[in-house]
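As structure tokens, the structure follows; a few thoughts come after it.
Each value in this text was obtained by applying a stated rule to the coordinates, not by laboratory testing. Fair warning: this is a prediction, and the values are worked out from it, not measured in the lab. Cβ placement follows ideal geometry from the backbone for every residue including glycine, while neighbour counts extend to all protein chains displayed.
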Amino acid sequence: MNYVVRPATRNELEIMIEWAAKEGWNPGLYDGDAFHSIDNKGFLFGFLDNEPVASISAVAYDNSFGFIGFYITKPEYRGKGYGYKIWNEAMKYLSTQNVALDGVVAQQENYKKSGFKFAYRHIRYEGHGSNKKLKENKNIKLLSKIDLDLVYKYDKEIFLFDRKKFLKLWIR
């Protein structure tokens, strides 16, 4: 069997987003466009005899910072080395950057083996709102109704890269 790792096309990125959603990762509605515009070479797919079996994103924000995500191997191909091979390609791609990732808890020991250090745990919340609740609560504002310069300023304070030109892709 022939296993090949290569950059994913923009359309193949949609497959990665679907896989992430199946894993319960809840990717954002506009993440594909935003991240692809940052680094269109930073999405890798592993193909076994032309079938996609593993994915990873290795987005280089600039020459000093990169981020790993979408690290998924299809369940029936796990434990066979395909994920590890694509991981190594991603790390090679980001070899000159300081690299961060939002990792799976069960894989933390493996991340340590690659030199990562635990920083903090993300806790994600999900809820369902309604326009009625939005109108009733004066503290809730649509992001699209907030001065974007305030959003940019806040984001720049907490993120290692100035995402001003990319944030507009998320805010619609």
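Under the classification rounded if a/c is under 1.5, otherwise prolate if a/b is larger than b/c and oblate if not, where does the chain fall, given a ≥ b ≥ c as square roots of the Cα gyration tensor eigenvalues? Mind dumping the intermediate values first?
Working: a/c = 1.89, a/b = 1.65, b/c = 1.15.
Prolate shape, in that a/c is at least 1.5 and a/b is the bigger ratio.
If you line up the long axis of helix 10-22 against the longest principal axis of the chain, both from Cα atoms, how many degrees apart are they, to the nearest 10?
Taking Cα atoms only, the helix is inclined about 80 degrees.
Quick one: angle between helix 82-93 and the longest Cα principal axis of the chain, in degrees between 0 and 90, rounded to 10, please.
Approximately 70 degrees, to the nearest ten.
Running a GNM on the chain with Cα contacts under 10 Å, which residue among V99, V59, V151 ends up with the highest mean-square fluctuation?
Evaluated over the chain, the most mobile residue of the options is V151.
With the cut-off at 1.5 for a/c, could you classify segment 111-159 from its C-alpha gyration tensor as rounded, prolate or oblate? Don't skip to the answer; put the middle values down first.
Working: a/c = 4.58, a/b = 1.82, b/c = 2.52.
Note, shape of segment 111-159 comes out oblate.
Within the chain, which is the longest segment containing none of the chymotrypsin sites (Phe, Trp or Tyr not before Pro) that sit in a DSSP loop and have at most 10 other Cβ atoms within 10 Å?
1-117
When the helix-only estimate is applied to the chain (DSSP H runs of n ≥ 4, each -39,500 (n - 2.57), divided by the residue count), what is the mean residue ellipticity at 222 nm, nearest 500 deg cm²/dmol?
On the way: 7 runs with 63 residues, N = 172.
When only DSSP H runs of four or more count, the value is -10500 deg cm²/dmol.
Can you tell me which of K112, K145, K156 moves the most in a GNM of the chain? Springs connect C-alpha atoms under 10 Å apart.
K145
Using a Gaussian network model of the chain whose springs link C-alpha atoms within less than 10 Å, name the residue from S114, S130, S37 with the highest mean-square fluctuation.
Among S114, S130, S37, the largest GNM mean-square fluctuation belongs to S130.
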